[in-house]
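The structure appears below as structure tokens.
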Amino acid sequence: MLSNGQLYLKLNLHPTFLAELQSELYRLFDGIILKNINAQKIDEIGFLVPIQSILSKEYPTIYFLLNQKNLRSVMNENFFRFLFTDPNQFDPDTPSKKLDRYYPHIDKNGPSKIPAGSLNIPVINCDENTILNWHELNESELKKVVHFDWVDILYETSEKSVVDSLSMNMDSAYLIRTDKFHSVVNQSRKKRVIFGWHIRPNITWLKVKDLLLKKDLFQNYEFDNTIP
Ligand SMILES: [Fe+2]
């Protein structure tokens, strides 16, 4: 069985760095929604953002993050995504809405390319009402998994199989494993938005985890002292 730490890592970024990053991500997301910025819709779950749309002087903190050489060597340049999680309870308009896209699943980067995980930065409405669960499934449950190019989904909620849970809050960034079955529950009334950057498919979880645990990772970031 996998324990905490093997499934996620909470990254304690400098609060100013994280706040600037989130503010730029919010602006980028807004630009995508207003169709001022190019991004490819991924079904109902979010947007895939081309690196060219991000690497500009308009987003200096995102630019800084994406240009960290050691990070770029392990992260996938083609997988910057804004991901939505819609409310799945307390929705008076759609009480029986089927939200199978949040059922236990494994993320893919295309046919058979499974990244170990994702670097996630909370953007909107990330709190204790949104819960990411990891599942350990037995053989009979695995027979019900449906394979698609971009995801492998188990068409059941499988609550009994939950081995660990995490609520991503706005005050941190997270490295999460997406090559193990995981599902998302949103108990609030609001859509949650996170920015997710996938690990390259051939890079191990341990390698990225060790890299992100290094204290000096973002040391050369120049903080703007005018921001309180
Ligand atoms: Fe996922």
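The values are calculated or read from the model by the stated rules, or taken from the named source; none is laboratory data. Source: prediction; values computed, not measured. Cβ placement follows ideal geometry from the backbone for every residue including glycine, while neighbour counts extend to all protein chains displayed.
Structural remarks
- Residues in the stretch 6-15 that are over 20 Å from ASP164 (Cβ atoms) and out of contact with any Asp or Glu (no Cβ under 8 Å at 6 or more places or on another chain): LEU13, HIS14.
- All of LYS209, LYS180 fail the test of being in contact with a strand residue (DSSP E or B) (Cβ under 6 Å, 6 or more places away or on another chain), among the charged types (D, E, K, R) and under 22 Å from HIS14 (Cβ atoms), apart from LYS209.
- SER183 away from the ligand (no atom under 16 Å from the Cβ) and under 17 Å from TYR103 (Cα atoms): no
- Those residues of the stretch 102-139 which are surrounded by fewer than 17 Cβ atoms within 10 Å (Cβ to Cβ), touching a strand residue (DSSP E or B) at 6+ places or on another chain (Cβ under 8 Å) and at pLDDT below 90, in sequence order: none
- Of the residues making up the stretch 2-60, those that are more than 17 Å from the chain's Cα centre (by Cα) and under 20 Å from PRO115 (Cα atoms) number 3.
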